[in-house]
Amino acid sequence: MKDRIKKLADAYAAELKRNIDARVVEMEQDDRSHVLIYQVLGISEKEGKLIDVYQNKGRFLYKYAGSFLEEAAKLCFKERFPESGSVRVPNTHGKKPKLFGVDCLVGEDALEIKWRDATTDGDHITKEHTRIQAVSDAGYIPIRVMFYYPNREQAIKIQKALEALYKSVEGQYYYGDAAWDYVKARTGVDLLNILRELAKERTLNGQ
């Protein structure tokens, strides 16, 4: 299993590098007249350029980090439960969207796998409530598996509200250590330890 996850990580890392490199080259041609405002606010032209570059790098990194971890978790379930996979259920409480996605259906357990969720948008609760109700109406048990909990107060409030929503329909909500433990208990794969080993190996190799 470690080899499969390593191969997945290699593919994501390569794609991440390609996208970042292409964006950095593209940014060399950007109109940078906006740095005037940076300078008014006390940010030098050099520092402003670095901030813009790393902001773009960060957007790619967050996207690929999340997609990789969520895909790695699904690989663990697929290994243990070959019949598991993504499905869609009809929206029984609204017109848009017509269908809601389930990241990984294992029997009657409908898993929503998230690497993290730091949203502070109050509408997120309403949207997620509709999705959870639709999953429940389809005869499945909504289960949220989120590996990293947000740090900011408003985002934490959103997560606490979502946890209450899951429990209101007899669903389950796992985050942090409980999320890693859930994957290990259900699949027999110690995903966290595999990722730690891969991180250590790449650090030692200077990657």
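Nothing in this text is a laboratory measurement; each read-out follows from the coordinates by a stated rule. Quick caveat, the model's predicted, so the values are computed rather than measured. When we count neighbours, we look across all protein chains shown, and the Cβ atoms used for this are built from the backbone with ideal geometry, even at glycine.
Here are the numbers for this structure:
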read-out	value
Evaluated over the range 70-161, the Cα radius of gyration and Dmax, each in Å	13.8, 39
Lys pairs, the range 24-126 - Cα-Cα below 30 angstrom, 8 or more residues apart or on other chains	22
Span from the the range 145-207 Cα centroid across to the the range 1-58 one, whole angstrom	27
Residue among LEU36, LEU105, LEU165 with the largest mean-square fluctuation in a Gaussian network model of the chain, springs linking Cα atoms under 10 Å	LEU36
FRET efficiency, 1/(1 + (r/R0)^6) with R0 45 Å, evaluated for VAL40 and LEU8 via beta carbons	0.50
Å³ per residue enclosed by the Cα convex hull of the chain	167
Relative contact order, percent, the chain [alpha-carbon distance under 8 Å, six or more residues apart]	16
The range 135-179, relative contact order in percent, only Cα pairs under 8 angstrom and at least six apart counted	53
GluC sites (Glu not before Pro) within the range 95-196: DSSP coil, no more than 10 neighbouring Cβ in 10 Å	GLU108, GLU170
Helix runs (DSSP H) in the chain reaching 30 Å along axis by Cα, Kyte-Doolittle at least -1.0	2-27, 45-80
Separation of the GLU170 and GLN55 label points, Cα + 7 Å toward Cβ, nm	4.9
